[in-house]
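The values are calculated or read from the model by the stated rules, or taken from the named source; none is laboratory data. Fair warning: this is a prediction, and the values are worked out from it, not measured in the lab. Reconstructed Cβ throughout: ideal geometry from the backbone, glycine too, with neighbour counts over all protein chains shown. To get the accessible areas, we keep the full protein, side chains included, count just its heavy atoms, and leave off ligands, DNA and RNA. Shrake-Rupley method; radii C 1.70, N 1.55, O 1.52, S 1.80 Å.
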Amino acid sequence: MARLTLKNIGKSFGKTEVLKNISLDVEDGEFLSLVGQSGCGKSTLLRIISGLEAPSRGEILIDGQVVTEQSPKQRNIAMVFQDYALYPHMSVAENMAMPLIMSQLPLHARLPLVRHVAPSARRAKPSMATQVETVAKQLRIDHLLTRKPAQLSGGQRQRVALGRALVRNPGIFLMDEPLSNLDAKLRVEVRREISELHHSSGLTFVYVTHDQTEAMTMSDRVALMQGGEVLQVAAPNTLYTNPVSVDVARFIGSPQINILPVQSRLDGLFLGDINLHLETIGKVSDLQLGLRPEALSFRGVAGLQLQPIKPGSILLPFQKRMVEDLGPEILIHGCFEADPEIEIRVRAQKNTDYGKTDQFAGTHKLQVAIDPTQLLLFNAHGLRIQPTPHMAQSLGEVVT
Ligand SMILES: Nc1ncnc2c1ncn2[C@@H]1O[C@H](COP(=O)(O)OP(=O)(O)OP(=O)(O)O)[C@@H](O)[C@H]1O
């Protein structure tokens, strides 16, 4: 186990700056995911942590010791890549033993032929075999030890790659998109296994993915990256409910958050000409309003599990355009009449009446209630600001 600290890490390839001043603390035994769109610098940061790439600026510390100049081996870090990188001519057992051979045997004794006869290799062999077997059992691949990688499924190959990394007993375990070559069902399975592995090993995990579901389901904390910077580091639920910016709010959450341009005026917050009855910043300014698809609910539509509408909710006329049936819930695409240009997604749970009639046939005009406690407000630069929900007394659009 180990604590990892990154201080002001920067990286440029030629004139292109791909990492800008990244500082992060990963606690001992924590599972931290680096998540972000393709090209944001996740893999480069992971390679810098591992020692495969040198930073242009900044320091890396493990347990308080500066390791920036150390080799990957000296850092006692293991890394698993998306392509597994297994040796095709070696058995599973030999693949898994390779890191032990490299770290425990002198150079001459590592050669394949010499390995079987050199005294140092013969002495080390039983203990290496035991270590490999222990890890193979932990990953439930002990029945595959004599097979070659070509005789394994994708999920089994991935487990061998995990096993090979674990067998060295590393302090920190780095993973770069380890599930991206697996099909959807297997991804869910291996995701659970990686979480179990994290809990049982107690190791510090740093995990790179562009898939927010992976990051949100496995991690203690998620660092969301964009353009070589970390936008926010927080627990998954905090990123979802308390994003620091529009960019974070847009990346986290599926279906995506609705973002609407609104205007703060002296007498409230306006969507088009509709007063949303929120006290804002007390001056005229263009803002952005974030509404998660589940922060909206329909009024009086048969077949939907209608949430009790909270006092203070704002009712807005909504024009339905398309309905997607997702099984237990539906996603309704449409727009507020106040702003037909912006597509709005509303997520609603079905009840047992759903499907008995076509609830939405001909129902193009609906009423949507917005829960004001679930609004997210951002300034013109996309940074979060805190509105004060405020119940209007007199106007009919607000539920009292
Ligand atoms: N060796 C290199 N030389 C020049 N540019 C590089 C090099 N390695 C990475 N880059 C650039 O750095 C940027 C970040 O790449 P990186 O692979 O870290 O992104 P990523 O977030 O991991 O993307 P992906 O999810 O697609 O793997 C990209 O624009 C990439 O083209």
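For the chain, adding -39500 (n - 2.57) for each run of n ≥ 4 DSSP H residues and dividing by the number of residues yields -7500 deg cm²/dmol at 222 nm. Once the 1.4 Å probe is applied to the protein heavy atoms, region 4-245 comes out at 46 Å² accessible per residue.
Comparing 277, 19, 145 along the charge dipole axis of the chain, the residue lying farthest to the positive side is 145, per the Cβ-charge model. Straight-line cross-link reach from residue 42 at under 29 Å between alpha-carbon atoms covers these lysines, not counting any fewer than eight positions away in the same chain: 7, 11, 15, 20, 73, 185. Take every Cα pair under 8 Å whose residues are at least 6 apart in sequence, average their separation, divide by the length of region 255-389, and the relative contact order is 30 percent. Charge tally for residue 295 (other residues, Cβ to Cβ under 14 Å; Lys, Arg +1; Asp, Glu -1): +2.
First compute the accessible area of region 4-245 with a 1.4 Å probe, then give the percent of it belonging to carbon and sulfur atoms.
Ligands and nucleic acids excluded, carbon and sulfur give 52 percent.
Here's the picture: charge each Lys and Arg Cβ at +1 and each Asp and Glu Cβ at -1 in the chain, and of 252, 308, 44 the one pushed furthest to the positive end of that dipole is 44.
Where in region 205-298 are there trypsin sites (Lys or Arg not before Pro) that are in a DSSP coil and have at most 12 other Cβ atoms within 10 angstrom of their Cβ? Before the final figure, lay out the partial values.
Numbers: sites: 221, 250, 265, 283; in loops: 283.
Loop-located and lightly packed - 283.
Only Lys, Arg, Asp and Glu carry charge here, each on its Cβ (+1 for the first two, -1 for the last two); on that basis the chain has a dipole of about 1720 debye about its Cα centre. Between the alpha-carbon centres of region 188-236 and region 309-338 there is a gap of 32 Å.
Filter the GluC sites (Glu not before Pro) in region 52-98 to those in DSSP coil with at most 13 other Cβ atoms within 10 Å of their Cβ, and list the result.
Details: sites: 53, 59, 69, 94; in loops: 53, 69.
Listed in order of number, the matching sites are 69.
Positive contributions from Lys and Arg (+1) and negative ones from Asp and Glu (-1), summed over other residues with Cβ under 13 Å from the Cβ of residue 143, come out at +2. Per residue, region 255-389 exposes 47 Å² of accessible surface when a 1.4 Å probe is rolled over the protein heavy atoms with every protein chain present.
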